Amino acid sequence: LNYCAANPGASALLRASDMILHNHSDAAYLVVAQARPRAGGYTFLGSKDSSRQIHSGPITIIAKVTKHAMASAAEAEIAALFMNARGILPLRATLEELGHPQPPTPAQADSNTASGIINGIFKQDRSKAIGMRLYWLVGRVEQRQLSVCWGSGKKNLAGYLTKRHPPSHHKRLRPVYLHT
């Protein structure tokens, strides 16, 4: 917000793309009082081919503190994915009605554990508290509405919204989020 106030001419830059919905999701565990995590999400339109990803401006951004304490970092990441996925489904339906068929929406998380649990690679054992969110996400993956994958935290656009960063980091990433 300080950047927007200091640069009133800033705008979002939208680039031509294949109109495929993408999401980056992140959570910061134990960063808020009462053991609550911070959840972030960055949803944008991009290309079908992830190797030549065209990054258009954001469609939605989520930056929230969750209401409940989480028992683990994986649970916090799954909660963030759940928050993001709930917002993705209406956007998918809108794009499809506008004539842009959607493959399973890639949702990138920087937690290998959360991605592994949702995709059935890891077995959920003691984390019973994440059941409702987890099974809802698993259902969306099985219905091919969502595709949860791991991605490096350095390339996760939602990490900017959840972590504390030095001013140099903010200056370096400003062009990604706003165009002047």
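Where a number appears in this text, it was derived from the coordinates with a stated rule and is not lab data. Nothing here was measured: the structure is a model prediction, and the numbers come from that model. Backbone-built Cβ (ideal geometry, glycine too); neighbour counts: all protein chains shown.
Ordered from longest to shortest, the equivalent ellipsoid semi-axes for segment 30-100 are 29, 13, 10 Å, each the square root of 5 times a Cα gyration tensor eigenvalue. Each of H100, N112, W136 was placed along the dipole of segment 54-145 (beta-carbon charges, centred on the mean Cα), and the one lying farthest toward the positive end is W136.
Among 105-117, 58-70, sorting by the average number of other beta carbon atoms lying within 10 angstrom of each residue, highest first, gives 105-117, 58-70.
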